[in-house]
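Structure record follows, encoded as structure tokens.
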Amino acid sequence: MAYLEENYDIVVVGAGHAGCEAALACSRLGLETIIFTVSVDSIALMPCNPNIGGSSKGHLVRELDALGGEMGKNIDKTFIQSKMLNESKGPAVHSLRAQADKQDYTREMRKTLEHTDHLTIRQAEVSEIMVEQGKITGVRTCSGAVYHSRAVVLATGTYLNARCIYGDVSNPTGPNGLQAATHLTDSLRANGVELFRFKTGTPARVDKRSIDFSKMEEQVGDERIIPFSFSTDPESVRKEQVSCWLTYTNENTHEIIRANLDRSPLFSGTIEGTGPRYCPSIEDKVVKFPDKGRHQVFIEPEGLYTNEMYLGGMSSSLPEDVQHAMYKTVPGLEHVKIVRNAYAIEYDCINSRQLKPTLEFKAIEGLFSGGQFNGSSGYEEAAVQGFMAGVNAAMKVLEREPYVLDRSQAYIGVLIDDLVTKENHEPYRMMTSRAEYRLLLRQDNADLRLRSIGHEIGLVSDEEYERTRKKERQIEEEIDRLEHTNIGANERVQGFLRRHGSTELKTGATLAELVRRPELNYVMLTEIDDRFPDLSDDTAEQVNINIKYEGYIKRQRQQVAQFKKLESKRLDVDFDYSTVNSLRKEAVQKLNLYKPVSIGQASRISGVSPADISVLLIHLEQMRHGGKR
């Protein structure tokens with residue numbers, strides 16, 4: 001019997017947020033790429049929350065954009081509300097978040113894929129990875145068709161052996177009732193891939209017409225909209241925005257939940273997968289925080305052309321009748337009509353310690369992995385992994401050096417390092433607290449940090465890169481000017497200081513010294529600085545932050561220098577740590593299991609102590625001088 005047989009440079013399995021970024025990166029680098037999806041209608045689907053960004057996730061999207069990814073550009077085209085979170089706090093934790101029109105988002109991303117050269121979209125289920133002598137050679141689909149390739153990127157998301165569950169109902173489907181991928185698991189296991197069973201969940205979608213918004217707090221978007229993409233003209237995204245709404249659960253809600261916990265598959269044992277600690281279901285919240293009288297519920301529109309509203313903060317797998325009773329106790333939802341029930345979803349994913357920092361499998365050359373399949377959660381975490389997996393698959397095929405971002409360069413580096421270095425027994429979620437150098441890794445300076453790398457990869461144009469270099473020069477020149485411009489204690493300056501509640505000058509001061517005062521900022525200087533330049537808002541923001549936080553930034557750069565020293569001490573990935581005297585037994589086991597690429601990575605492995613690192617450093621020094629092991 002004859003089967004279809006085709007040849008490609010790279011195969012991408014899955015067309016969610018990870019798969020789209022992987023396929024676009026590979027094809028834009030000139031490689032013939034094919035992307036498989038169980039349904040073409042599910043390309044870049046948003047099966048859960050209708051937004052992109054948020055705390056720490058906004059950092060990931062802006063970093064992805066700086067490197068040449070697509071998510072930031074796509075949400076700029078399709079958002080319906082934009083908001084900068086945490087503005088009352090320091091700049092390190094400011095995070096952009098945008099509500100999306102779900103249908104527009106997937107439609108725009110599909111359009112981008114369909115108009116990208118060297119990229120083929122194929123609706124089919126991949127059932128087998130083809131491996132010969134530890135090296136990937138392609139994939140086979142359920143129809144028997146064979147697609148030979150030089151690299152494969154797995155980005156199956158939450159579709160692999162998926163089942164959706166609420167109450168006693170268990171459907172063998174992917175998210176939103178779409179077809180699950182049921183064949184690939186056996187092939188992966190046959191090739192030695194270790195799999196976990198994880199779960200996530202989503203709340204009900206309800207009819208907007210059945211909501212009483214007068215009992216809720218309106219949440220409006222920002223007046224000044226900041227785009228996600230550094231390539232988007234801020235003037236082009238000015239638009240009328242829709243509102244979101246805030247309400248709260250109460251003791252009546254919690255009582256209904258507590259009375260029905262025995263019917264919850266989450267607590268009855270029906271759900272086997274491990275769920276995300278930092279994005280719990282409402283029944284999880286009620287059980288784990290019994291003293292908390294209420295929990296936030298965000299009512300968010302799913303799009304401009306639908307009445308479906310998303311009940312953020314109330315994901316659940318409780319039975320249908322319990323869901324109806326529970327939601328109706330929430331102020332404003334007393335007469336709510338449910339369009340789609342809340343559900344939990346279980347799926348197969350990998351133990352990510354099997355991956356190199358490049359996201360290539362250690363045991364299968366040419367096989368890469370990205371997204372929720374790696375044991376993470378969230379659209380943004382998925383997209384950046386898919387991008388890096390795609391870039392490194394392309395580098396493999398092009399015989400170029402791979403790209404690994406370290407923890408001092410990007411949140412992306414923190415995310416991937418955590419996945420491949422630490423033991424993850426639950427879906428991983430990015431948070432600002434995970435980044436040690438977060439004052440340097442702000443979302444506002446992602447272009448200054450990463451544009452050069454995107455340009456070097458080949459995914460950032462010369463024009464975009466030159467724009468960033470011009471911005472760098474403007475920042476440096478303006479900071480230098482402010483540091484060397486003295487002003488006297490004249491009446492104009494003193495009046496300025498009085499107006500803003502700042503102490504008057506006794507002697508002269510530099511403009512930079514005024515900016516460092518807590519109650520003042522750089523833009524205020526327009527009132528007294530006759531040479532104030534015409535800079536873009538984002539450039540002016542960099543000037544302000546760099547002057548105000550100069551001491552903290554300098555200290556963090558010193559910490560990065562120490563970090564880089566440990567990262568530069570490379571380790572042989574084939575080394576047997578049992579040959580090193582004085583290493584503790586647990587350290588030997590963990591080091592032989594993870595095979596770290598550097599002393600820095602070794603130091604972050606659970607079970608490897610500072611004393612073990614000292615032993616390794618002494619061992620490296622002895623080896624360098626030709627000493628004995």
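Miscellaneous remarks
- Counting only residues that are assigned to a strand (DSSP E or B), free of Cβ contacts under 8 Å to residues at least 60 places away in the same chain and of a type outside the set (Val, Ile, Thr), segment 287-336 holds 1 of them.
- Test for Arg209: is it open to solvent by 20 Å² or more (accessible area, probe 1.4 Å), within 30 Å of Val330 (Cα to Cα) and in contact with a helix residue (DSSP H, G or I) (Cβ under 7 Å, 6 or more places away or on another chain): no
- Residue tally, condition open to solvent by less than 50 Å² (accessible area, probe 1.4 Å) and closer than 30 Å to Asp104 by Cβ, over segment 307-326: 11
- Tabulated pairs, segment 453-473, first over 16 Å from Lys73 (Cα atoms), second open to solvent by less than 50 Å² (accessible area, probe 1.4 Å) and among the small types (Gly, Ala, Ser), C-beta under 7 angstrom, 6+ apart or interchain: Ile457/Gly68
- Residue tally, condition assigned to a helix (DSSP H, G or I) and either closer than 21 Å to Leu188 by Cα or under 20 Å from the mean Cα position of the chain (by Cα) (or both), over segment 1-41: 10
- Taken together, the residues in segment 62-111 that are of a type in the set (S, T, N, Q) and within 19 Å of Glu464 (Cα to Cα) amount to 1.
- Segment 495-506: number of residues that are surrounded by fewer than 16 Cβ atoms within 10 Å (Cβ to Cβ) and assigned to a loop (DSSP other than H, G, I, E, B): 5
Condition check ((1) surrounded by fewer than 17 Cβ atoms within 10 Å (Cβ to Cβ); (2) small (Gly, Ala, Ser); (3) in contact with a helix residue (DSSP H, G or I) (Cβ under 8 Å, 6 or more places away or on another chain)) across all residues:
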{"site": "Gly488", "(1), (2), (3)": "yes, yes, no"}
{"site": "Val493", "(1), (2), (3)": "no, no, no"}
{"site": "Gly508", "(1), (2), (3)": "yes, yes, no"}
{"site": "Val523", "(1), (2), (3)": "yes, no, yes"}
{"site": "Glu527", "(1), (2), (3)": "yes, no, yes"}
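- Evaluated against (1) at pLDDT 95 or above; (2) at negative phi; (3) surrounded by fewer than 19 Cβ atoms within 10 Å (Cβ to Cβ), Asp76 falls short on exactly one condition, (3).
- Test for Ile271: is it β-branched (Val, Ile, Thr), surrounded by 19 or more Cβ atoms within 10 Å (Cβ to Cβ), in contact with a Ser or Thr (Cβ under 9 Å, 6 or more places away or on another chain) and modelled with pLDDT of 95 or more: no
- Scan segment 375-418 for residues that are among the basic types (Lys, Arg) and at positive phi and the total you get is 0.
- The one condition from (1) at pLDDT below 95; (2) open to solvent by 20 Å² or more (accessible area, probe 1.4 Å); (3) of a type in the set (A, V, I, L, M) that Ala435 does not meet is (2).
- Within segment 351-406, the residues that satisfy the criterion of being among the aromatic types (Phe, Trp, Tyr) and part of a helix (DSSP H, G or I) are Phe373, Tyr379, Phe387.
- The listed residues are Gln443, Gln385, and the only one of them that is open to solvent by less than 20 Å² (accessible area, probe 1.4 Å), more than 22 Å from Asn86 (Cβ to Cβ) and in contact (Cβ under 8 Å) with a residue 12 or more places away in the chain turns out to be Gln385.
- Residue under evaluation Arg277, criteria (1) open to solvent by 60 Å² or more (accessible area, probe 1.4 Å); (2) at pLDDT below 90; (3) part of a helix (DSSP H, G or I), criterion not met: (3)
- Any chance Leu45 is in a loop (DSSP other than H, G, I, E, B), open to solvent by 20 Å² or more (accessible area, probe 1.4 Å), in contact with a helix residue (DSSP H, G or I) (Cβ under 8 Å, 6 or more places away or on another chain) and over 23 Å from Gln241 (Cβ atoms): yes
- Among the residues making up segment 175-212, those that are at pLDDT 90 or above and assigned to a loop (DSSP other than H, G, I, E, B) are Ala180, Thr182, His183, Asn191, Gly192, Val193, Glu194, Pro203, Ala204, Ile211, Asp212.
- Selection status of Leu195, in contact with a strand residue (DSSP E or B) (Cβ under 8 Å, 6 or more places away or on another chain) and not β-branched (Val, Ile, Thr): yes
- Qualifying positions in segment 159-201 - open to solvent by less than 20 Å² (accessible area, probe 1.4 Å) and either among the aliphatic types (A, V, I, L, M) or more than 18 Å from Ser377 (Cβ to Cβ) (or both): Leu160, Ala162, Ile165, Gly167, Ala180, Ala181, Leu184, Thr185, Ser187, Leu188, Val193
- Taking each residue of segment 482-496 that is hydroxyl-bearing (Ser, Thr, Tyr) and looking for partners that are in a loop (DSSP other than H, G, I, E, B) and surrounded by 15 or more Cβ atoms within 10 Å (Cβ to Cβ) with beta-carbon atoms closer than 8 Å, six or more apart or interchain, yields Thr485/Asp529.
- Selection status of Gly378, of a type in the set (Gly, Ala, Ser) and open to solvent by less than 30 Å² (accessible area, probe 1.4 Å): yes
- Counted residues, segment 529-541 - those being open to solvent by 50 Å² or more (accessible area, probe 1.4 Å) and either among the β-branched types (Val, Ile, Thr) or outside any loop (DSSP other than H, G, I, E, B) (or both): 3
- Annotation: Asp572 fulfils all but one of (1) touching a residue at least 40 places away in the same chain (Cβ under 8 Å); (2) open to solvent by 70 Å² or more (accessible area, probe 1.4 Å); (3) in a loop (DSSP other than H, G, I, E, B); the unmet one is (1).
- Subset of segment 114-146 (residues that are open to solvent by less than 10 Å² (accessible area, probe 1.4 Å) and assigned to a strand (DSSP E or B)): Val126, Ile129, Ile136, Gly138, Val139, Thr141
- Residue check, Ile547 open to solvent by less than 60 Å² (accessible area, probe 1.4 Å) and not in a loop (DSSP other than H, G, I, E, B): yes
- Here Thr156 clears all of (1) crowded, with 21+ Cβ neighbours inside 10 Å; (2) modelled with pLDDT under 95 except the condition numbered (2).
- Within segment 534-568, being within 28 Å of Asn490 (Cβ to Cβ) and touching a Lys or Arg at 6+ places or on another chain (Cβ under 8 Å) holds for Ile547, Lys548, Glu550.
- Selected residue (criterion: farthest from Arg294 (Cα to Cα)) from residues of segment 228-263 that are among the small types (Gly, Ala, Ser) and either open to solvent by less than 40 Å² (accessible area, probe 1.4 Å) or not in a loop (DSSP other than H, G, I, E, B) (or both): Ser236
- Flag not set for Arg110, criterion: over 20 Å from Ala15 (Cα atoms) and either under 26 Å from the mean Cα position of the chain (by Cα) or open to solvent by 80 Å² or more (accessible area, probe 1.4 Å) (or both).
The values are calculated or read from the model by the stated rules, or taken from the named source; none is laboratory data. Small disclaimer: the values here were computed from a predicted structure and weren't measured. We place every Cβ from the backbone using ideal geometry, glycine too, and count neighbours over all the protein chains shown. Protein only, heavy atoms only, side chains kept; ligands, DNA and RNA dropped before computing areas. Shrake-Rupley method; radii C 1.70, N 1.55, O 1.52, S 1.80 Å.
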